[in-house]
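Asker: Dropping the structure in here first, questions after.
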Protein chains: 2
Amino acid sequence: MKAILVIADGMGDWPLKQLNGKTPLEAAEKPNLDFLAKHGICGIMDPLAPGIPPGSDVAHLAILGYNAKKVYTGRGALEAIGFGIEVLPGDICFRCNFATVDDNLTVIDRRAGRISTEDASKLAKDLEKIYLHDHPEAEITFRNTVQHRAILRIRAPSLSMMVSDSDPHGVGKKVLRVHSLKHTPEADKTARIVNEVLEKFHEVLKNHPVNEERVKKGLPPANIILCRGAGVLPKINPFPLKFGLRAAAVAVMPLVRGVCKVAGMRILDAPGATGGYDTDVISKAKTALEALENEDFVLIHVKATDLASHDAKIEKKIEMIEKVDRMVGYLIDNVNEEETYIAVTADHTTSSVLKEHTGDPVPVALWGPYVRTDDVEEYSERSCARGGLGRIRGRDLMHTIANMLGKMRKFGA
Amino acid sequence: MKAILVIADGMGDWPLKQLNGKTPLEAAEKPNLDFLAKHGICGIMDPLAPGIPPGSDVAHLAILGYNAKKVYTGRGALEAIGFGIEVLPGDICFRCNFATVDDNLTVIDRRAGRISTEDASKLAKDLEKIYLHDHPEAEITFRNTVQHRAILRIRAPSLSMMVSDSDPHGVGKKVLRVHSLKHTPEADKTARIVNEVLEKFHEVLKNHPVNEERVKKGLPPANIILCRGAGVLPKINPFPLKFGLRAAAVAVMPLVRGVCKVAGMRILDAPGATGGYDTDVISKAKTALEALENEDFVLIHVKATDLASHDAKIEKKIEMIEKVDRMVGYLIDNVNEEETYIAVTADHTTSSVLKEHTGDPVPVALWGPYVRTDDVEEYSERSCARGGLGRIRGRDLMHTIANMLGKMRKFGA
């Protein structure tokens, strides 16, 4: 017995006036999702708990069966791992942005005009050089990833992730000094090192030729690095040990790749999968189906549904849901239905009204040979609420799937 | 107000191909269970949590309102108590099997050909003699129960239940040495004593005349004792104190009798109740109804539904469900319906596909004078999922019943 879990990022939504009171899911044409709902068992799921909006990292940890509140140790390390940057126990990692500030260190653009990866790479190369040989206390690694995104990793004895962000999380606000969130020598030391590093980075970036070039072209200079989300490697019982399942994940988004990697899953690249609106979902499905020949469990993550709701692009969200539907259709048509379960859910609701993650439950459908089907005929936030799974928590879903695969360990005699 | 709780062991199941996609409950003729569903309130219940398969001991602890994760202290002591063997705080008990091994201590038969109780009694008598006077550190008690089953109790200061099994849980595997699961002097000492005892037992059994006789008859010799499930007395707030209810249990299976005994319930024997397919359920009902004259709460446990699913005997399972139905009919006909609640559930799902306990929820129906009835008309896994109780946990059920009896203590002012 095998299983595929599809997680459409932020697919849940609120009923919208623009859709005559329908949610994007209710407004979309989604025959394959409806097929799963009709022939499977449905429910609604609170990734964490009713009303609590989760980040995608925390939501994925929960949906993979972990106690997210216990094991979550910040975004930084997960994102670093997701980008393929080595993280060892004790390392502190930050998610960073190339950004633009004025002379008073007030943020003008948090993404330096979504700087090209090419420009960012040139800048990052010179930033990394600074500390190649000569930081007295720590090993400093700085790596740009895509566009304005970057990772800062600090490796030294006795550090702590209990430090604040330098990112003020808004335009027109002054860059913050990193400070310790706990009065320990470790947190104090970490904050001090990070502040030193970021200051030196600012010095180098301020007068860097790449930025002079950018200004000439009328582009905002990437003259500062903002850091946020200090994190360390979480202590996690990996999937093969926890459930006895060989597992893989088809995902593009580094944060999700990072979560899946620490959960002991093989990370797969599907040709043409981009994490954007143009992502090739059929390629994702094909990659997952191929992987399923060797693995027991494959997760497919689709990011674009969430992007659309953060931008309040309602029609785009519907379009992306229909894309997910076609992917699910491809999966249904090509799995061995005697021995395969398919579950579809979202990692959280993203309200197209608030343009933010919200704490509403998300719909779940689980289809496969031995599920106890129910009366639900449509895959949506409201119809799934009447399903046979009832209202479950994120953690329950993976337990429910592993149970159908006969992989849950008995407690007691 | 009084209540009867019927627990049909492993009665929940998966939709089965052999039954055209029905579960055994859905396929069975069960007018009385359906009556309870129709005129009562229904729901589904996760004995522990969604997806987690419980053992019968843990499930019964949960359904009786205890935090099973906290209070469960292993199978050994519960089974010993269930057999009427005295267990005091500090005693370590093991469930044991008479088994057959070859000269290399590889297991050939985990139950010594389901040795007769008569043969096992003769062997046990001689095993117990070894340590009657002369173990330097501990008091060793060994008692056979039914067929290959036995209990080993070790009484000494400073022991620990944190020791492993000698039972390798499979044929063709070598008998294991018991080792400590925690690096404490107590666990080390316990493991050492158990290994000594089991070795001495093996010495005596190897050349025992009863076994020589068995070999002559072509029967597998019971030449070793395998132990498993080290346990101590759980610390439990008994029923009369916890709920202010005088309670009794009609049960045959030692593990369930043990749980009910530590929960402070009187254990009743119904004439003709066997724990097998031939059990006399009407006798069980009569015993329960008689007990209800003096008690507030009576639990009736029926084992045979579970036996059938472990053996994948689907028709037998349906037959046993119909037997439970007749028992429930007898209860309905003979209780004072003005003042009696009847609840029917299972302690877990046993999938006739996997032949194992699974973590699926089980159906619940609660019938009685003041329940808030719902629209459910049939007692089954799927129909009860639409009931007014929703999806509850094992612990919630006893609280719900005690609440209807006006016996739950208020928390707060």
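Asker: How far apart, in nanometres, would the label points at A:LYS182 and B:SER121 be if each is projected 7 angstrom from Cα along the Cα-to-Cβ direction?
Answerer: 6.3
Asker: Could you tell me the extents of region A:80-231's C-alpha atoms along the three principal axes, largest first, rounded to whole Å?
Answerer: 45, 29, 28
Asker: Next up: Is the shape of region B:166-216 best called rounded, prolate or oblate, per the rule: a/c under 1.5 gives rounded, else a/b larger than b/c gives prolate, else oblate, with a ≥ b ≥ c the square roots of the Cα gyration tensor eigenvalues?
Answerer: Numbers: a/c = 5.52, a/b = 1.93, b/c = 2.86.
Oblate is the answer for region B:166-216, as a/c is 1.5 or above yet b/c matches or exceeds a/b.
Asker: Consider the operator that turns chain A into chain B: which A residue has a Cβ nearest its axis, and what is that gap in Å?
Answerer: A:GLY390, 3
Asker: Same structure, new question: Just how far, in whole angstrom, is region B:377-395 from region B:15-80 if you go by their alpha carbon centroids?
Answerer: 11
Asker: Okay, next question. Quick check on region A:318-363: take the gyration tensor over C-alpha atoms, sort the square-rooted eigenvalues as a ≥ b ≥ c, and tell me if it's rounded (a/c under 1.5), prolate or oblate.
Answerer: Because a/c hits 1.5 or more and a/b fails to exceed b/c, region A:318-363 counts as oblate.
Asker: From the gyration tensor of the Cα coordinates in the protein assembly as shown, what semi-axes in whole Å does the equivalent ellipsoid have, largest first, with each one equal to sqrt(5λ)?
Answerer: The equivalent ellipsoid of the protein assembly as shown has semi-axes of 56, 34, 24 Å.
Asker: Given label points at 7 Å from Cα along Cα→Cβ, what nm distances, shortest first, separate B:ALA413 from the same residue in every other copy?
Answerer: 4.8
Asker: For B:SER56, A:SER283, B:SER160, what ranking results if the residue with the fewest other Cβ atoms within 10 Å of its Cβ goes first?
Answerer: By the 10 Å Cβ count, ascending, the order reads A:SER283, B:SER160, B:SER56.
Asker: Quick one: divide the alpha-carbon radius of gyration of region A:321-413 by 2.2 N^0.38 Å and tell me what you get.
Answerer: 1.21
Asker: Between A:ASP333 and A:GLU199, what is the label-point separation in nm under the 7 Å Cα-to-beta-carbon projection?
Answerer: 6.2
Asker: Right, another one. Just for the protein assembly as shown, what percent of DSSP beta bridges are antiparallel, to the closest 5? Working shown, then result.
Answerer: Details: 70 of 119 bridges.
For the protein assembly as shown, the DSSP antiparallel bridge percentage is about 60.
Asker: What is the distance in Å between the Cα centres of region A:259-287 and region A:303-354?
Answerer: Answer, in whole Å: 14.
Asker: Which trypsin sites (Lys or Arg not before Pro) in region A:150-222 sit in a loop by DSSP (not H, G, I, E or B) and have at most 14 other Cβ atoms within 10 Å of their own Cβ?
Answerer: Counting only loop positions with at most 14 other Cβ atoms within 10 Å, the trypsin sites (Lys or Arg not before Pro) in region A:150-222 are A:LYS173, A:ARG177, A:LYS182, A:LYS217.
Asker: Once you treat every alpha carbon in region A:100-175 as an equal point and sum by Debye, what is log10 I(q)/I(0) at q = 0.11, 0.19 Å⁻¹?
Answerer: Values returned for q = 0.11, 0.19 Å⁻¹ are -0.36, -1.00.
Asker: How charged is the neighbourhood of B:ILE7? Take every other residue with its Cβ under 13 Å from the Cβ of B:ILE7, and add Lys/Arg as +1 and Asp/Glu as -1.
Answerer: -1
Asker: Right, another one. Distance cut-off 23 Å, Cα to Cα: go down the list A:LYS70/A:LYS317; A:LYS69/B:LYS70; B:LYS122/B:LYS200; B:LYS242/B:LYS323; A:LYS407/B:LYS69 and report the pairs above it.
Answerer: From A:LYS70/A:LYS317; A:LYS69/B:LYS70; B:LYS122/B:LYS200; B:LYS242/B:LYS323; A:LYS407/B:LYS69, over 23 Å: A:LYS70/A:LYS317; B:LYS242/B:LYS323.
Asker: Looking only at region B:228-367, where both bridge partners belong to it, what percent of the DSSP beta bridges are antiparallel (to the nearest 5)?
Answerer: DSSP beta bridges in region B:228-367 are roughly 45 percent antiparallel.
Asker: Further, regarding this structure: Below 16 Å, Cα to Cα, which aspartates and glutamates can B:LYS189 reach? Residues fewer than 8 away in the same chain don't count.
Answerer: Within the straight-line cut-off, B:LYS189 pairs with B:ASP91, B:GLU137, B:GLU139, B:ASP165, B:GLU199.
Asker: Let me ask another. How much of the DSSP bridge set in chain B is antiparallel, in percent, rounded to the nearest 5?
Answerer: For chain B, the DSSP antiparallel bridge percentage is about 60.
Asker: Name the long-range amide H neighbours of B:LYS22: under 5 Å, sequence gap of 5 or more, or other chain; modelled H, no Pro or chain starts.
Answerer: B:LEU16
Asker: Measuring nothing but label to label, 7 Å from Cα along Cα→Cβ, what are A:GLU356's distances to the other copies in nm, shortest first?
Answerer: Ordered by increasing distance: 4.5 nm.
Asker: For region A:187-285, take the convex hull of the Cα atoms, compute a quarter of its surface area, and give me that in nm², please.
Answerer: 10.1
Asker: Given R₀ = 51 Å, FRET efficiency for B:LYS70-A:ASP278 by Cβ-Cβ distance, to 0.05?
Answerer: 0.45
Asker: Can you sort A:CYS384, A:CYS93 so the residue with the fewest Cβ neighbours within 10 Å comes first?
Answerer: Listed from fewest to most nearby Cβ atoms, that is A:CYS384, A:CYS93.
Asker: Would you work out if region B:37-127 is rounded, prolate or oblate? Take a ≥ b ≥ c from the square roots of the eigenvalues of the alpha-carbon gyration tensor; rounded if a/c is under 1.5, else prolate when a/b is larger than b/c, oblate otherwise.
Answerer: Taking the square roots of the gyration eigenvalues as a ≥ b ≥ c, region B:37-127 is prolate.
Asker: Ranked by Cβ crowding within 10 angstrom, fewest neighbours first, how are A:MET162, B:MET398 ordered?
Answerer: A:MET162, B:MET398
Asker: So for chain A, Kirkwood radius off the Cα pairs, Stokes-Einstein at 10 °C and 1.306 mPa s: how many µm² s⁻¹? Please list the in-between numbers first.
Answerer: On the way: Rh = 22.3 Å.
My calculation gives 71 µm²/s for D.
Asker: In deg cm²/dmol, rounded to 500, what helix-only [θ] at 222 nm does chain B give when every DSSP H run of at least 4 residues adds -39500 (n - 2.57) and the total is split over its residues?
Answerer: Numbers: 15 runs with 144 residues, N = 413.
Using -39500 (n - 2.57) per qualifying helix, the result is -10000 deg cm²/dmol.
Laboratory data are not the source of any read-out in this text; all were calculated from the coordinates shown. Bear in mind the structure is a predicted one, so any value in this text is a computation, not a measurement. As a convention, Cβ positions derive from the backbone with ideal geometry for all residues, glycine included, and neighbour counts pool all protein chains shown.
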